[in-house]
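Worksheet: one structure, shown below.
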Amino acid sequence: KQEVTQIPAALSVPEGENLVLNCSFTDSAIYNLQWFRQDPGKGLTSLLLIQSSQREQTSGRLNASLDKSSGRSTLYIAASQPGDSATYLCAVFMYSGGGADGLTFGKGTHLIIQP
Amino acid sequence: NAGVMQNPRHLVRRRGQEARLRCSPMKGHSHVYWYRQLPEEGLKFMVYLQKENIIDESGMPKERFSAEFPKEGPSILRIQQVVRGDSAAYFCASSPLGQYEQYFGPGTRLTVT
């Protein structure tokens, strides 16, 4: 059974710092990995998707890497801003062939950027 | 292109009543997924559907919960005889045929009193 762990559970840093959020998963046979952002009381916004054959994806100040063999992904946020404050979720998708399981989520990293 | 739509956004039900949650996928998307987020817990997969077909319901509770995605209209998650433990945020996601990047709706927050 796939399990996803995110470290740290919470992080508070001053504005302007670069930071790294970590995600690990137990079964490396994933189809893809997605990073999401969730604001309080809101839905999920997809930030980056990495296919299993890819090593990294970039969007603006965000960079996500994937090391499938070791079961790890990192989300790098450059020059953090107060508007980046949110919960960041890592999720993996396993394609089972006969059907398709849903995403397996970590519990998230609650990020606060201090102005 | 409108995103994934869910309604109602908030739903209050008394114990024993039925809850019906609706999800309209993004235009052109034929896969629908339902997830539940319990207070202080992560999101958990419930069910995966295509039009008129349940593909994987391994995450659905065995009793009281059902889902459908008819040929016409939105996908429906139905909870019969709700209990307090059903209080949660229920999210729907959709993806295009043959692709597996999921786009999420804003969720329905169910409160059982």
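Looking at the stretch B:41-113, which GluC sites (Glu not before Pro) are DSSP coil and have at most 16 other C-beta atoms within 10 Å of their C-beta?
B:GLU41, B:GLU52, B:GLU63, B:GLU72, B:GLU101
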Rounded to the nearest 20 debye, dipole of the stretch A:22-115 from Cβ charges on Lys, Arg, Asp, Glu: 100
From the convex hull of the Cα coordinates of the stretch B:33-107, what is the mean projected area in square nanometres? 5.4
Report, ordered by chain and residue number, the aspartates and glutamates lying within cross-link reach of B:LYS27, taken as a straight Cα distance under 19 Å and ignoring same-chain residues fewer than 8 apart. B:GLU52, B:GLU68, B:GLU72, B:GLU101
Looking only at lysines whose Cα falls under 16 Å of A:LYS42's and that sit 8 or more positions away or on another chain, we get A:LYS107
Size of the dipole of chain B about the Cα centre, Lys and Arg at +1 and Asp and Glu at -1 on the beta carbon, nothing else charged, in debye to 20? 460
In whole Hz and in residue order, list the ³J(HN,Hα) couplings for the stretch A:63-69 that follow from phi through the Karplus curve 6.51 cos²θ - 1.76 cosθ + 1.60, θ = phi - 60°; x for Gly and Pro. 9, 10, 10, 9, 10, 5, 5
Out of residues 5 or more away from A:LEU47 or on other chains, whose amide H comes under 5 Å of its own, with H placed 1.01 Å from N in the peptide plane? A:TRP35, A:PHE36, A:ARG37
Given H placed 1.01 Å from N in the peptide plane, which residues other than close sequence neighbours of A:GLU15 have an amide H under 5 Å from its amide H? A:GLN114
Specify which residue in the list B:TYR48, A:PRO82, A:SER59 is farthest towards the positive end of the charge dipole of the protein assembly as shown, using unit charges on the beta carbon of Lys, Arg (+1) and Asp, Glu (-1), about the Cα centre. B:TYR48
Solvent-free Debye scattering, log10 I(q)/I(0), computed from the Cα coordinates of the stretch A:25-72 at q = 0.18, 0.30, 0.32 Å⁻¹: -0.59, -1.10, -1.17
With θ set to phi - 60°, apply the Karplus curve 6.51 cos²θ - 1.76 cosθ + 1.60 along the stretch A:52-61 and write out the HN-Hα couplings as whole Hz, x wherever there is a Gly or Pro. 4, 8, 9, 9, 7, 9, 10, 8, x, 7
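Report, to two decimal places, the Cα Rg of the stretch A:1-60 normalised by 2.2 N^0.38 Å (N = number of residues).
1.29
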By the Kirkwood definition, with r running over pairs of different Cα atoms, chain A has a hydrodynamic radius in Å of 14.3
Karplus couplings for the stretch A:6-13 from phi (6.51 cos²θ - 1.76 cosθ + 1.60, θ = phi - 60°), rounded to Hz, Gly and Pro as x? 10, 9, x, 6, 8, 8, 10, 9
Please list the non-local residues whose amide H lies under 5 Å from the amide H of A:LYS107, H modeled 1.01 Å from N, same-chain partners needing a gap of 5 or more. A:GLN6
Mind checking the log10 I(q)/I(0) for the protein assembly as shown at q = 0.15, 0.18 Å⁻¹? Debye, one equal scatterer per Cα, no solvent, two decimals. -1.01, -1.35
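Taken together, the values in this text are just the output of simple stated rules run on the coordinates, not laboratory data. These figures come from a predicted structure and were not determined experimentally. Please note: Cβ atoms are built from the backbone with ideal geometry, for glycine as well, and neighbour counts cover all protein chains shown.
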